[in-house]
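K.L.:
Dropping the structure in here first, questions after.
Values in this text are rule-based calculations from the coordinates and carry no lab data. Everything numeric here is computed off the predicted structure, so don't read it as measured data. Glycine gets a Cβ as well: all are built from the backbone with ideal geometry, and neighbour counts include every protein chain shown.
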Amino acid sequence: MPTVSPGDAVASFDSASAFLESLARALQGKDFPHLGQSRFKVPLVHASRALPLRLRQRAYAIASGREGVPPDRLGEIDLEQVAAWVTAKYPARSAAAVLLGSSNGALTHLAAACGIPWLPQTLLIPVRRPGVDPRDYRAAAEFGGRHAPALLDANPGVELHHMHDANQDALSASQMAYFRVKWRELPDSYLQFLNKHLHPGAPLLVVRDTSTWPVTRYGERHFFQTGAQGGMNADEYLDEPGAPVPDDTAAEAEWGFADALLESIRAWADDSAHPVVEIRYEHPQHPAAAVADTTRAWLRDRGESAERLLVSSFVVHDPWRTLTSASVPFWTFFPVQPAAADLAAYLGTTAYDDIDVMLFSHGVESRGLADAATWQRLAGRARIRGRLLGVDARAFPADFPVFVRYARALRSLPEGAATWLPMTVDAALAGLATDPRITVEASA
């Protein structure tokens, strides 16, 4: 039976795949241009700036939808092959630790500084659903009810979180469904990777974002999630007309850790000589400040001034360029008001000479969005220079050329002066543990 290739099954324009690709490139001393997309798409992205807003939005939506897998081919996806595709991204060398679990941009920066890989629990399978009304939650849920069983029957080791967000994902959700899969047990390729590449006695670091969301259960391993982490809370989404009535709570689709995987991890730990350390927090934004402070201390120990704060936004980031420019990373999970408030709180505790802010454009004036002026004001709290980096503030949040422009902007930053040496895993964990919102402890 033919199968859908991993590269076609998994969305490239997503948090997990972007963090995976950018980290794998950083561990090979490479930057992350075009968000990992083909360079042949660059002229089309540049050309979009000449289009009126509605045509720009339409082009973005259609381009997103083209990533989708045809619904009748979901049963051809082999997620064990996808796991092998994940591990093959990394260079074949041993590691002082391996991160495994929830997606997190801040921890991606920390992993790059330590020179260690991350294996995601969650990946997005986009499913073609063109020309629909994203506000019709009932039709979205019914679509999942029809087509999810084929994927789940073919892959008994995962659970499916069908996420539908008509606020932040209004453009993409008009063309595709978001099927996020979470491993409930370690796939064979992950086990092989851990056994082969972890240094003797080195820890497996389990990233557990404990955020949850009200869901409607469609089966033992199938959940429908109305909305997502961002500018609106769960209750606000559930007040939307036609939103399905939830009957359960589950791990948040994009960021949350599904606890079923823990049993498999602990079984592996019992059979190996490797300890398991959990990194727990309640929201994807929470590690950002601790990662910034930990990185700043590490840079200063190397002799860098560490006076540039580089604020990344969702997948608009580059771990390697952040390292080579000796910048302090502060990751924001989306350009929304809660993320802006977290950055403001951080800047209330420390100061930087330079603050450069990048912004992800999702195309619409969604509820809870923090506008470009808000981010410019935050950048303006720099002692010397604050700016939006690679951003056309007038076009935001439909500034799609930023996906090309940010790489050139990062390459223009001056390089650090000190010799690059990895941060120790112990220093990274100790730095995270200083934040009361983060728990770092040996797994029970």
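K.L.:
Multiply the residue gap between Gln28 and Glu220 by 0.36 nm, knock off their C-alpha separation, and tell me the result in nm, one decimal place.
P.N.:
65.1 nm
K.L.:
Under a point spin-label approximation (7 Å from Cα along Cα-to-Cβ), what is the Val132-Arg93 distance to one decimal in nm?
P.N.:
4.5 nm
K.L.:
Can you tell me how much longer the chain between Asp270 and Arg394 gets when fully stretched, taken as 0.36 nm per residue apart minus their C-alpha distance, in nm with one decimal? Write down the numbers at each step before the final one.
P.N.:
Values: separation 124, 0.36 × 124 = 44.64 nm, distance 5.56 nm.
Contour length minus the Cα-Cα distance gives 39.1 nm.
K.L.:
Further question on the same structure: To check you understand DSSP bridge types, tell me what percent of the beta bridges within the chain (both residues inside) are antiparallel, rounded to 5.
P.N.:
Numbers: 27 of 61 bridges.
In the chain, DSSP labels about 45 percent of beta bridges as antiparallel.
K.L.:
Per 5 Å bin, what percent of the C-alpha pairs of segment 332-444 does each bin hold, from zero upward?
P.N.:
Pairs per bin, as whole percents: 2, 10, 16, 17, 17, 17, 12, 7, 3, 0, 0.
K.L.:
Once phi is turned into ³J(HN,Hα) by the Karplus curve 6.51 cos²θ - 1.76 cosθ + 1.60 with θ = phi - 60°, what whole-Hz value does each residue of segment 430-442 show in order, with x for glycine and proline?
P.N.:
Once rounded to whole Hz, the list reads 5, x, 4, 5, 6, 8, x, 7, 10, 10, 10, 7, 4.
K.L.:
While we're here: Fewest Cβ neighbours within 10 Å first, please rank Leu186, Leu124 accordingly. Write down the numbers at each step before the final one.
P.N.:
Details: Leu186 23, Leu124 26.
Ranking Leu186, Leu124 by Cβ neighbours within 10 Å, fewest first, gives Leu186, Leu124.
K.L.:
Kindly write out, for segment 346-360 in residue order, the coupling ³J(HN,Hα) from the Karplus curve 6.51 cos²θ - 1.76 cosθ + 1.60 (θ = phi - 60°), rounded to whole Hz, with x marking Gly and Pro.
P.N.:
5, 5, x, 10, 8, 10, 9, 5, 10, 10, 10, 10, 9, 9, 7
K.L.:
Which of Leu309, Leu238, Leu110, Leu100 has the fewest other C-beta atoms within 10 Å, and how do the rest follow up to the most?
P.N.:
Working: Leu309 27, Leu238 15, Leu110 31, Leu100 23.
Going from least to most buried by this count: Leu238, Leu100, Leu309, Leu110.
K.L.:
Would you mind checking which residues have amide H under 5 Å from Leu388's amide H? H placed 1.01 Å from N; only 5 or more apart, or other chain.
P.N.:
Residues meeting the amide H criterion: Val357.
K.L.:
While we're looking at this one, here's another question. Find the relative contact order for segment 6-281 and round it to a whole percent, using C-alpha pairs within less than 8 Å whose residues are 6+ positions apart. Spell out each step's value before the answer.
P.N.:
On the way: 514 pairs, mean separation 59.8, N = 276.
Worked out over segment 6-281, it gives 22 percent.
K.L.:
To continue, here is another question. Taking the number of other C-beta atoms within 10 Å as the exposure measure, put Ser22, Ser5 in order starting with the fewest. Provide the component values of the computation, followed by the final result.
P.N.:
Numbers: Ser22 26, Ser5 14.
Final ranking by Cβ density, sparse to dense: Ser5, Ser22.
K.L.:
Among rounded, prolate and oblate, which fits segment 261-398 when a ≥ b ≥ c are the square roots of the eigenvalues of its C-alpha gyration tensor, a/c under 1.5 means rounded, and a/b larger than b/c means prolate? It would help to have the intermediate numbers written out before the result.
P.N.:
Values: a/c = 2.36, a/b = 1.45, b/c = 1.62.
Verdict is oblate for segment 261-398.
K.L.:
How far apart, in nanometres, would the label points at His199 and Ile384 be if each is projected 7 angstrom from Cα along the Cα-to-Cβ direction?
P.N.:
3.5 nm
K.L.:
Based on the Cβ-Cβ distance from Ala139 to Thr419, what FRET efficiency comes out when R0 is 45 Å, to the nearest 0.05? Each step should come with its number before you reach the end.
P.N.:
Details: r = 57 Å, r/R0 = 1.27.
Efficiency at R0 = 45 Å is approximately 0.20.
K.L.:
Let me ask something additional. Mind telling me which of Ala260, Ala290, Ala11 comes out most flexible in a GNM of the chain, alpha-carbon contacts under 10 Å?
P.N.:
Of the options given, Ala260 has the highest mean-square fluctuation.
K.L.:
For the chain, count the residues as N, evaluate 2.2 N^0.38 Å, and divide the Cα radius of gyration by that value, please. Can you show the working numbers first?
P.N.:
Values: Rg = 20.7 Å, N = 444, 2.2 N^0.38 = 22.3 Å.
Its radius of gyration relative to the 2.2 N^0.38 Å reference: 0.93.
K.L.:
Grab the Cα-Cα distance for Val245 and Glu365, subtract it from 0.36 nm times how many residues apart they are, and report the gain in nm with one decimal.
P.N.:
My answer for the length gained is 40.6 nm.
K.L.:
Please work out how many pairs of lysine residues in the chain are eight or more positions apart (or on different chains) and have Cα atoms closer than 20 angstrom. Don't jump to the answer; show the numbers that get you there.
P.N.:
On the way: Lys30/Lys41; Lys30/Lys89; Lys89/Lys182; Lys89/Lys196.
Taking the chain as the scope, the lysine pair count is 4.
K.L.:
For the chain, set up a GNM with springs between Cα atoms under 10 Å and report which of Gly144, Gly201, Gly68 has the largest fluctuation.
P.N.:
Between Gly144, Gly201, Gly68, it is Gly201 that shows the largest mean-square fluctuation.
K.L.:
Rounded to the nearest 500, what is the chain's calculated 222 nm mean residue ellipticity when only DSSP H runs of at least 4 contribute -39500 (n - 2.57) each, over all residues?
P.N.:
-10500 deg cm²/dmol
K.L.:
Something else: Just to confirm my numbers, what's the Cα centroid distance between segment 222-284 and segment 289-323 in Å?
P.N.:
28 Å
K.L.:
Which Cα, out of Val402, Thr349, Ala292, lies furthest along the positive dipole direction of segment 287-421 (beta carbon charges, K/R +1, D/E -1)?
P.N.:
The listed residue farthest towards the positive side: Val402.
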